[in-house]
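Trainee: This is the structure I have questions about; it appears just below.
The values are calculated or read from the model by the stated rules, or taken from the named source; none is laboratory data. Here the structure is a predicted model, which means the values were calculated and not measured. Positions of Cβ are generated from backbone atoms using ideal geometry, with glycine treated the same way; all protein chains shown enter the neighbour counts. The protein model used for the area step is the full one, side chains on, heavy atoms only, and it has no ligands, DNA or RNA in it. Shrake-Rupley method; radii C 1.70, N 1.55, O 1.52, S 1.80 Å.
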Amino acid sequence: MQIERTFWKVLIAFAAFGLVLLIAGKHPLQAYADTAVFVLGSLEGFTELFVRMSPLVMAALAVSIPARIGLFNVGGEGQIYMGALFATGTALCLAHAPSWLLLPATLASGFAGGAAWALIPALMRIKGVANEAITTLLLNYIAPLAVGYMIFGPWRSPESLSYPQSPKLVEGARLAVLPGTRLHAGLLIAAACLALCAYVLYRTRWGLEMRAIGGNALASQHLGLPVRSYIVACMAIGGGIAGLAGMAEVSAIQGRLVAEISPGYGYMGFLVAWLAGPSAAKTVAMAFLFAFISSVGDVLQITQGVPFAVVNILMAAILFSVLCGGKRAGALK
């Protein structure tokens, strides 16, 4: 029943978006038909949905894990950038290492980069310096500057004259890609992270304690639960998973560090987590929906001559449709 209500809300949002296109002098029915043909009607377009799903799932987990204990991690975007930065540094420094060592080290560095970036707001929250919602959001603006500094400076490839970027990563640091597509092993990493988090949250003592802290942190602390340790762990793990998304973008998609490593996956991941709640199945469904919406923007740029930013209108329409229906975000309680 809940799935049916969500379906109708999303349908209403797409109808509202079609009205916006009509007012702008475009052809909404033709736009949706073109999207179906280009995105769902070809192997390349369909696999591209899963390419975009994997960072969205990981970015959503970066939000939902801290949310289980009442924290707001709005810094998924910055954590993706720092994961990409750390992973690139490791891949460049260990370029001559054997692949059995290089790829795991690159993965671990991507996780460590995102985790370290998330630890800053966690420690500030513990010390009572600032709220994590503010600090994680502000750090989103610093991480791309750190990436820009490295690719404009120490890591700038001599091959890139007009478009600064790092040297190309060696094959040993690259994730496997399905031949003929851009579908890569990052999807398996996202699925493993989602399954592991679901198991921990609902099948272990740690998950029970996290739900208790999220319900009442003060009472949990009086009962002897290590609330501060959970704050640090949840933020670090969430940030680390977002860092893995950045590592996958560098390793599998770009092949090197570039200035715009993420087209806003961190922000879209926040919406995915907010709308999906604590359900792993709904997280997958919402990630697929937002991957489709992102593809809509690409198609409409070509067929309707509208800017990619129109996807923001569609995402906002979905959000308002859900809000008007009285939906509450279970993941962010």
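Trainee: For the range 139-166, which residues satisfy the criterion of being within 23 Å of the chain's Cα centre (by Cα) and open to solvent by less than 100 Å² (accessible area, probe 1.4 Å)?
Mentor: Within the range 139-166, LEU139, ASN140, ILE142, ALA143, PRO144, ALA146, VAL147, GLY148, MET150, ILE151, GLN165, SER166 meet the criteria.
Trainee: Of VAL39, VAL51, which residue is β-branched (Val, Ile, Thr) and farther than 25 Å from LEU169 by Cα?
Mentor: On the way: VAL51 fails: farther than 25 Å from LEU169 by Cα.
When all the criteria are applied, what remains is VAL39.
Trainee: In this structure, does VAL200 turn out to be open to solvent by 20 Å² or more (accessible area, probe 1.4 Å), part of a helix (DSSP H, G or I) and in contact with a helix residue (DSSP H, G or I) (Cβ under 8 Å, 6 or more places away or on another chain)? Give the steps one after another, and end with the answer.
Mentor: On the way: open to solvent by 20 Å² or more (accessible area, probe 1.4 Å): yes; part of a helix (DSSP H, G or I): yes; in contact with a helix residue (DSSP H, G or I) (Cβ under 8 Å, 6 or more places away or on another chain): yes.
For VAL200, the condition - open to solvent by 20 Å² or more (accessible area, probe 1.4 Å), part of a helix (DSSP H, G or I) and in contact with a helix residue (DSSP H, G or I) (Cβ under 8 Å, 6 or more places away or on another chain) - is met.
Quick grid of which residues meet (1) touching a residue at least 12 places away in the same chain (Cβ under 8 Å); (2) among the hydrophobic types (A, V, I, L, M, F, W, C); (3) out of contact with any Leu (no Cβ under 7 Å at 6 or more places or on another chain):
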site	(1), (2), (3)
LEU218	no, yes, yes
GLY224	no, no, yes
ALA233	no, yes, yes
GLY246	yes, no, yes
ALA252	yes, yes, no
GLY269	yes, no, no
TRP274	yes, yes, no
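Trainee: Condition first: over 19 Å from LEU94 (Cβ atoms) and part of a helix (DSSP H, G or I). Now tell me which residues in the range 152-186 satisfy that.
Mentor: Listed by number, the residues that qualify are PHE152, GLY186.
Trainee: Pick out the one residue from ALA276, ALA259 that is touching a Pro at 6+ places or on another chain (Cβ under 8 Å) and hydrophobic (A, V, I, L, M, F, W, C).
Mentor: Working: ALA276 fails: touching a Pro at 6+ places or on another chain (Cβ under 8 Å).
Exactly one of ALA276, ALA259 is touching a Pro at 6+ places or on another chain (Cβ under 8 Å) and hydrophobic (A, V, I, L, M, F, W, C), namely ALA259.
Trainee: Can you report the number of residues in the range 221-234 which are within 19 Å of LYS127 (Cβ to Cβ), part of a helix (DSSP H, G or I) and either of a type outside the set (A, V, I, L, M) or in contact with a Gly (Cβ under 7 Å, 6 or more places away or on another chain) (or both)?
Mentor: Looking only at that region, the number is 5.
Trainee: In addition: Please work out which one of (1) open to solvent by 60 Å² or more (accessible area, probe 1.4 Å); (2) of a type in the set (S, T, N, Q); (3) touching a Pro at 6+ places or on another chain (Cβ under 6 Å) is the condition THR136 fails and give its number.
Mentor: (1)
Trainee: Return the pairs, sorted by first residue and then second, in which the second residue is among the hydrophobic types (A, V, I, L, M, F, W, C), the first residue lies in the range 197-214 and is farther than 20 Å from THR283 by Cα, the beta carbons are less than 6 Å apart, and the residues are 6+ apart or on different chains.
Mentor: What qualifies is TRP206/VAL200; GLU209/LEU225; ILE213/ILE69; ILE213/VAL227.
Trainee: Okay, moving on. Of LEU188, LEU183, LEU169, which residue is under 18 Å from the mean Cα position of the chain (by Cα) and open to solvent by less than 80 Å² (accessible area, probe 1.4 Å)?
Mentor: Sole residue among the options that is under 18 Å from the mean Cα position of the chain (by Cα) and open to solvent by less than 80 Å² (accessible area, probe 1.4 Å): LEU183.
Trainee: Ok, one more. Pairs please, first residue from the range 278-307 and within 16 Å of GLN30 (Cα to Cα) and open to solvent by 50 Å² or more (accessible area, probe 1.4 Å), second anywhere and among the hydrophobic types (A, V, I, L, M, F, W, C) and outside any helix (DSSP H, G or I), Cβ atoms under 6 Å, 6+ apart in sequence or on different chains.
Mentor: GLN301/PHE308
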